[in-house]
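The values are calculated or read from the model by the stated rules, or taken from the named source; none is laboratory data. None of these values were measured; they are calculated from a predicted model. Please note: Cβ atoms are built from the backbone with ideal geometry, for glycine as well, and neighbour counts cover all protein chains shown.
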Amino acid sequence: MNTSAFLKSSKITLTLLISLFLFSSLLSADDQIWTNGLSQPNDWGDGDNWQGNPADENVPKAGETATFNSGTVPSAGITLANVPDVVNIIAEASDSDVSITLPARTYGTITVKALNTGNITLTLLEGTISTQAVLIQSYGSGEAKLTINNTGSGSASTTSITMASIKIISHEGTAKMNVNNAQLAVSGDLTFQKNNTNNPVIDNATDVWIEGDLKEEGVTSTTFTIPSAAGYGLQIGGTVNQAIDLEHTIINGPLTFANTGIATLITGGELTIGGHLTLLPSASVSAVSTGRIIIGSGKIFDNSGTFQLSGQTDDRLLFASSTIGTPFELKNNFGAVLDFEWVAIRDCEYGSGLLGSVDFVPDDGVVNATGNSGWPAGKFATPVDQGASAFDAFVTTAILNDGQYYKLYTDTSGGAQTRAGLVASPHVYFNSSEGMTLGKNTAHWNSSDDPKLVDSPRNYYYAYMDPQNKDENEYIIMSDNKLNVSLIAFQTTADFGEPADDLPTSGQDQAFTSIILKWTDRGEDAQIELRYSPVGTYVDFADVSNNSLTTLITDTLNAKDTNSYVWNTSALASTTGTDYYIYALYYVGGTAYTSVSKKIKLKSLEFTDPPITDIVVDTASVDSNIISSDHRTHIATWTDWDRKNNNEDLDIYVSQAPFALVDQLLSAVSETDNTKRAVLVQADLDPATANSVGWDLTAGFGLLGESPAPEGDYYLYAIADDGNGPAYDYLTISVGQVTVRHSPFFYDVPVTINPNKADSGNIDSSDVVTADTITVDWKAGDWDDNLTISFYYILKIAYDANPALYTLAKDIQNNTFEAFAMNSFGTITPISQFPETERLAKDPGDGFKRWDYYSATAVVPAGKYTVWVILEDTSGDLAAKKAEMIFDVTHSPAIVIDNPISSTDSTSTVHPYYTIAWSDVDRDEPALIDLFYSKTDLRGNVANGNGESVGGLLTNALNTAAGVTDQVTIASGYAKLTETPIDEDPEGASDRFLFNFASGNASSPIDDNVPYYIYALIDSEGDGTYDAGYQSSGLVREQGSALRLLTPAIQEQTTLDYKVKWVESWTDFNVPVNIDLYFDKSKTKTIGELARALDVTDEKAPFGIIKKDIELS
C-alpha cells in the first residue's frame, strides 16, 4: 500500500482548519527581518532577535512575513523556539551564502530567492505544511534550493510535507528542490520555468505526490532525480482532470499515475522516464504529442488503467525504449486499455498471457518502428500483408491518411533499426524515383525498378519505410510480415501496376460451391501442386508439403498449360464459414518454390428463416417478423454468402415436396399438383448484396400464378450458382418448414362506428321518422376464403371490469350480445343469421351498412358500449377487432305535431271538430302524451314565407340554461285538451285527437279569429314530468255560414212550382241565422245587389224573391 496516499488524503481537513485559523488571526503588525541566530535555543518571540528591536508583541505572527537574509540566521544545530503557525517566510541570499533550517510548522507562503552570487538553502523538516504557494527562484548565478528532510527512521518513515503549490524558476543560476527520503504532497500545481541556461531540478524525489497540474512554462527542461531504491518516485494522483504539460523532462526513476480523473499528457519535445512507468487501475492518461515518450531500457510499463497516445498523420509520436535494441516491457493487465493513434513504437516487449485490451487497428496509423515483440497480430499498419507473394510485381499495402512520404527498402534480414543500419545491410531500394510521396500511400516493385522484381533472388523479404520529412532520422518502419518472392505467386498487382486477376488475393474472398484459383508463374514446363490449410504461416517446403499440415487439392497441373483451376469447395464450406489458405508448389529443375494466398472463407448458405425448426406463417399475423403489414409477404433469410466476385447468382424456390437435386427441383416447376409443384420466388439474386427475399404468399400459384399459396407445409430451396458451370450448381434445402395459413385478418386501420347524425360514436334514437342508422367501417381480408361478419357489444363498464373475458373471438361471442339488423326479407334478425350473400365481406372497405340497434325486437338499452366486429371464414376461423370509439346510445323521447304544422289553418268546416295529428317515439319504454292549447306562440318569430308561425320543437330542461324556464314546462301550464294521457304506442291511428274547436276547454273558451297553438308534450317515465314537446302552427276559428244549393243542379223547366234544396252549416249554434231565397236571370249577383228593392227598371236589383227569413233548422 502507498502510505503517502493515505497521509495526503488525511491532510485535507487539517488544511481547511489552518485556512480558517489564518483568516481569523490576521494582525496588523509590521513585517520583520531576523537578525540574531547565535543563541541556543533562539526564541522567535524575543523582539531583540528582529531588526529594529520591536516590542515582543510586534514580532511576525500569523499572516505576517518573516525575512531571513545574509544577516545572522539560524544555522544547522540551532533551534528556533516558539515559532508561530501561518507566518510567511522569505529566505534570500545576495552575495554571500545563507543557510536556514525551520522547524515543522504550518506556514503561509514560502519564498526562496538567490538574488546574486550567493547561494540560499532553506531546510524544512518533517510535518511542515504550506497553506499557500512555495516559490523557488534564482535571479543571479547563485543557487536557490529548498530542502525537505525526513528526520524519521529511513525510507520506512511515514512523515510527509504538504504544500499548496510549488513553482521553481531558474533565471541565471539554478533553482532546485531536494526531497531527501521524504514524502512531498503537492495539493495544487507543480510548475517549472527556465529563463536562461540552467534547468529546474528536483533531487532525491523518493515520493512526490501531485494533485494538480504538472507543467513547464517557457522553453524548459526539467529533471527529476529519483533514487534507484525509491518505491514510488513521481506520482500523479489528482481526483480531477490534470494537465501534464512538459516540454523536455527527464524523470530518472519511476513515474506512477494513480489519478482518478484524466491526466492529459502534453509533451512538446521529449518525456524520458528512466524508471518504471505504472498506471494504476483507476488511472487514465491521454497524451497528444508529436515528440517522444521514452521509457528506460529494461524497465517495465505496468498498465492497469487507460493509456491513450496520439500523434499526427504527418508527425508521429515516438514511444520507445531509451536504448535502441534494448526493449522495455509493457504489461497490459486485465481491464487495462491501450488506445494509440499515429504512434511509432520501438523496442517494446509486449508481455505475454495478459488480458488487457489493445484498442487500435491498422487504420489508426500505429507502426512497428523495429525491435518490438509479442504484440497481438494485426494491430500495426504495415506495408506487407500476411501471406503476400510476388513473381514479377508487388504493391505495398496502403497506410491510410499517412501524411508523410518514404523511401522503401526490402531486406531478407529483420534486424535493421536505423537508417544507417538499413543502408549498411544488403537491401533492395525500389521505386527510387518516386518512393511513397504525399497523397500516394502505396508503392510498386516491378519491372520499372532497378533491380527488377522478376530478376531478384527468390526469397523472403522484409519491407522497410524510411520517413523523409518531419520524422526523418527518428525511426524507421518495418513490415510485420515478409514478402515471398517466388516463381509462383498469388499477386495483387500485375507488372507495371496493372490489376492482377489472381485469386484469392484480397483477404476478403469467399466461396461456397466452387472458386477459380488463379496465380502468376513463369509459364515453363513445371509441375504445379495446390494444397489448402486453415493455417497460412507455413514457409518451409517441408511444412507446406506435409499432409498432416496441408491437404492436397491437385498435383496434376503444368505451368506451361494453365494458371487457373476450378476448386470444388462445397464439401468444405460451413454455415459459419472457415478460413483457408491456398498453397502453391512449383517444381522445376529439382527445386520446389512455394507461395501462399490470402485467406479465403468457405461459407455455405443456410436458411435462417425458416430456422432449423418448423414455423407457422399466417397471413393474418400482426407480427412484422412473420408477415408484412399488408399481410402478403414473408421474409425468407439465409446466412450471408458474400462472394466478393461478380459471376454468381442465387435462385430461391418454395415447394411442399422434398428435392435432393437441382434437376429434380427444376422439373417440378411445371407440375400442376400444388403439393408437388416448385414455385420460383426470386431469380438471379446477387449474393454480394442480398441475403433475404420477400415471399408473396398471395400469388404464384394457379394456372397464371394469380392464386395464393395453398395452406400447407413448405420447404425453401436455394440454387447457388458460382458461375463456373452447371456442374457446380448446389441445392440447399431449409431444415425447417414453413406452415402457411390464411386466417381472416384485419388491416391496421381502426374499426369505426359512424352514426349518420352524430360524432365519435354518440347516437340518439329520438328521430320520430327514422332513427340514426349506424355504419361500422373496417378493412379486412382472407386470401383463400370468403368472409362473413357480425357485430357484438357489451357495456363498457362490464368490459373495463374484466377485459380478459373478451380476449378471443369465441370469448366475445360467448360473453357479449350480438347486434340485430333487417335482412333483405324485412326481418330483424341477428346479423350472423343473415343469408351468406348478405354477410360476405371479401375485402370490405366500407363495412356493413346498417345496424338496427333501436328495433323493437332487439333494442340496445341506453348506455356506453364496447363494440367488436367478428370475421369468420368458411373454415370456421375467427378474427375479432374492437372499435376504437365507444358506442354511446341514448333513447330520448320525442314528439312532432304533423297537423297543423306549416301554416295558419282555419276551422270553416261543416262540423266543430279539428283533427290534431302527431308522431311520437320512445324506443326503450312506453310514454304518455298530453295536448295543450294557448294563444301564446312560445317559439315566436319562427315563420314560413308568408310570415305565419310554424311549428317546431320546444326547449326542455336538458337544453335550457340554468335559471331559465324551459318551453316544455311553460306549455304544461296552458289549457289542457286531453282529459287522460294518450299512450305513445301503438303508432298510426292512435296518434290522433279530435279538437272540439267550437267550445275548447271549459276554463278556456275559444275566441273567434284569433290564432291558437297546440302543444304536444311527452312523458317517458309516466311520472308527470314532461321530457319533450312540440308546438303546432296557428289554428283560427272563423264564425260564418256555409251554404250550398243542391237543386236546381242543372237547367230545368217548371210550370206551376219548384222545390229548392240546399245544405248549410254554422259553427256557432248560439247565434240565430235566417236564409233569404232570390231568383234572377243572371248568375253574377252580389249580396249588395240582392239587397236592392225590386224594380223592373233596376237591372242590378233581383228579379224576384222566393222567400225571406227562412229559419236555419
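When you go through Ser766, Ser734 one by one, which is the residue that is modelled with pLDDT of 90 or more and crowded, with 17+ Cβ neighbours inside 10 Å? Step through it out loud before you land on a result.
Values: Ser766 fails: modelled with pLDDT of 90 or more.
When all the criteria are applied, what remains is Ser734.
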(message) So, in the range 382-401, exactly how many residues are surrounded by 22 or more Cβ atoms within 10 Å (Cβ to Cβ) and either touching an Asp or Glu at 6+ places or on another chain (Cβ under 6 Å) or farther than 21 Å from Ser456 by Cβ (or both)?
(response) 4
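For the range 607-622, name all the residues that are more than 31 Å from the chain's Cα centre (by Cα) and among the acidic types (Asp, Glu).
Residue satisfying the conditions is Asp614 alone.
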(request) Give the residues of the range 44-63 that are surrounded by 15 or more Cβ atoms within 10 Å (Cβ to Cβ) and in a helix (DSSP H, G or I), sorted by residue number. (result) Gly47, Asn49, Asn58
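Residues checked against (1) exposed (fewer than 14 other Cβ atoms within 10 Å of the Cβ); (2) on the phi < 0 side of the Ramachandran plot; (3) among the β-branched types (Val, Ile, Thr):
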{"site": "Asp501", "(1), (2), (3)": "no, yes, no"}
{"site": "Thr505", "(1), (2), (3)": "no, yes, yes"}
{"site": "Ala511", "(1), (2), (3)": "no, yes, no"}
{"site": "Ile516", "(1), (2), (3)": "no, yes, yes"}
{"site": "Glu524", "(1), (2), (3)": "yes, yes, no"}
{"site": "Glu529", "(1), (2), (3)": "no, yes, no"}
{"site": "Asp540", "(1), (2), (3)": "yes, yes, no"}
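Considering each residue of the range 197-207, count those that are buried (at least 22 other Cβ atoms within 10 Å of the Cβ) and either assigned to a loop (DSSP other than H, G, I, E, B) or outside the structural domain of Gly237 (by TED's automatic domain parsing) (or both), and give that number. Step through it out loud before you land on a result.
Let us first name the residues in the range 197-207 that are buried (at least 22 other Cβ atoms within 10 Å of the Cβ), namely 200-202, 205-207.
Imposing the further condition that a residue be either assigned to a loop (DSSP other than H, G, I, E, B) or outside the structural domain of Gly237 (by TED's automatic domain parsing) (or both) reduces the set to 200, 206.
So the count comes out to 2.
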(message) Return the residues of the range 257-290 that are touching a Gly at 6+ places or on another chain (Cβ under 7 Å) and in a loop (DSSP other than H, G, I, E, B); say none if nothing qualifies.
(response) Ala258, Asn259, Gly261, Gly274, Gly275, Leu280, Pro281, Ser282, Ala283, Ser289, Thr290
(request) Those residues that are in a strand (DSSP E or B), surrounded by 21 or more Cβ atoms within 10 Å (Cβ to Cβ) and aliphatic (A, V, I, L, M), I need them from the range 76-101; list them, please. (result) Ile89, Ala91, Ala93, Val98, Ile100
(request) Find the residue count for the range 165-196, including only residues that are crowded, with 21+ Cβ neighbours inside 10 Å and small (Gly, Ala, Ser). (result) 5
(message) Of all residues being part of a strand (DSSP E or B) and touching a helix residue (DSSP H, G or I) at 6+ places or on another chain (Cβ under 8 Å) in the range 668-699, which is surrounded by the fewest Cβ atoms within 10 Å (Cβ to Cβ)? Just the residue, please.
(response) Leu680
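Is it true that Gly826 is assigned to a loop (DSSP other than H, G, I, E, B), modelled with pLDDT under 85 and closer than 25 Å to Ser743 by Cβ? Explain how you work it out, then say what you get.
Working: assigned to a loop (DSSP other than H, G, I, E, B): yes; modelled with pLDDT under 85: yes; closer than 25 Å to Ser743 by Cβ: no.
The answer is no for Gly826.
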(message) For Ile901, only one of the following conditions fails: (1) assigned by TED's automatic domain parsing to the domain that holds Glu818; (2) surrounded by 17 or more Cβ atoms within 10 Å (Cβ to Cβ). What is its number?
(response) (1)
(message) What's the number of the only condition in (1) modelled with pLDDT of 85 or more; (2) touching a Pro at 6+ places or on another chain (Cβ under 9 Å) that Ser322 fails to meet?
(response) (2)
(message) For the range 589-596, check the following and say yes or no: at least one residue is in contact (Cβ under 8 Å) with a residue 40 or more places away in the chain, out of contact with any Phe, Trp or Tyr (no Cβ under 7 Å at 6 or more places or on another chain) and in the same structural domain as Asp521 (by TED's automatic domain parsing).
(response) no
(message) With the requirement that a residue be in contact with a helix residue (DSSP H, G or I) (Cβ under 8 Å, 6 or more places away or on another chain) and either touching a residue at least 24 places away in the same chain (Cβ under 8 Å) or hydroxyl-bearing (Ser, Thr, Tyr) (or both), what does the range 788-819 give you?
(response) Thr788, Ile789, Ser790, Phe791, Tyr792, Ile794, Tyr799, Tyr806, Ile812, Thr816, Glu818, Ala819
(request) Given the conditions (1) modelled with pLDDT under 85; (2) touching a Pro at 6+ places or on another chain (Cβ under 9 Å), report the number of the one that Val910 does not fulfil. (result) (2)
(request) State whether the residues of the range 449-464 include one that is free of Cβ contacts under 8 Å to residues at least 40 places away in the same chain and on the phi > 0 side of the Ramachandran plot. (result) no
(request) All but one of (1) surrounded by fewer than 20 Cβ atoms within 10 Å (Cβ to Cβ); (2) outside any strand (DSSP E or B); (3) not aliphatic (A, V, I, L, M) hold for Gly238, so report the exception by its number. (result) (1)
(message) Given the criteria within 34 Å of the chain's Cα centre (by Cα) and either under 30 Å from Lys518 (Cβ atoms) or among the acidic types (Asp, Glu) (or both), does Asp748 qualify?
(response) yes
(request) Give the range 127-164 a look and list any residue that's surrounded by fewer than 18 Cβ atoms within 10 Å (Cβ to Cβ) and either on the phi > 0 side of the Ramachandran plot or modelled with pLDDT under 80 (or both), or say none. (result) Gly127, Thr151, Gly152, Ser153, Gly154, Ser155, Ala156, Ser157, Thr158
(message) Among the residues of the range 461-499, what is the count of those that are part of a loop (DSSP other than H, G, I, E, B), surrounded by fewer than 22 Cβ atoms within 10 Å (Cβ to Cβ) and charged (D, E, K, R)?
(response) 4
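Condition test on Phe301, is it part of a strand (DSSP E or B), at pLDDT 85 or above, surrounded by 20 or more Cβ atoms within 10 Å (Cβ to Cβ) and not hydroxyl-bearing (Ser, Thr, Tyr)?
Values: part of a strand (DSSP E or B): yes; at pLDDT 85 or above: yes; surrounded by 20 or more Cβ atoms within 10 Å (Cβ to Cβ): yes; not hydroxyl-bearing (Ser, Thr, Tyr): yes.
Yes.
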(message) I'd like the full set of residues that are within 30 Å of Thr969 (Cβ to Cβ), out of contact with any Phe, Trp or Tyr (no Cβ under 7 Å at 6 or more places or on another chain) and modelled with pLDDT under 85, limited to the range 1029-1048.
(response) Val1036
(request) Of the conditions (1) on the phi > 0 side of the Ramachandran plot; (2) loosely packed, with under 13 Cβ neighbours inside 10 Å, Asp748 clears all except one; give me its number. (result) (1)
(message) All but one of (1) touching a residue at least 40 places away in the same chain (Cβ under 8 Å); (2) surrounded by 19 or more Cβ atoms within 10 Å (Cβ to Cβ) hold for Val535; state the number of the condition that does not hold.
(response) (2)
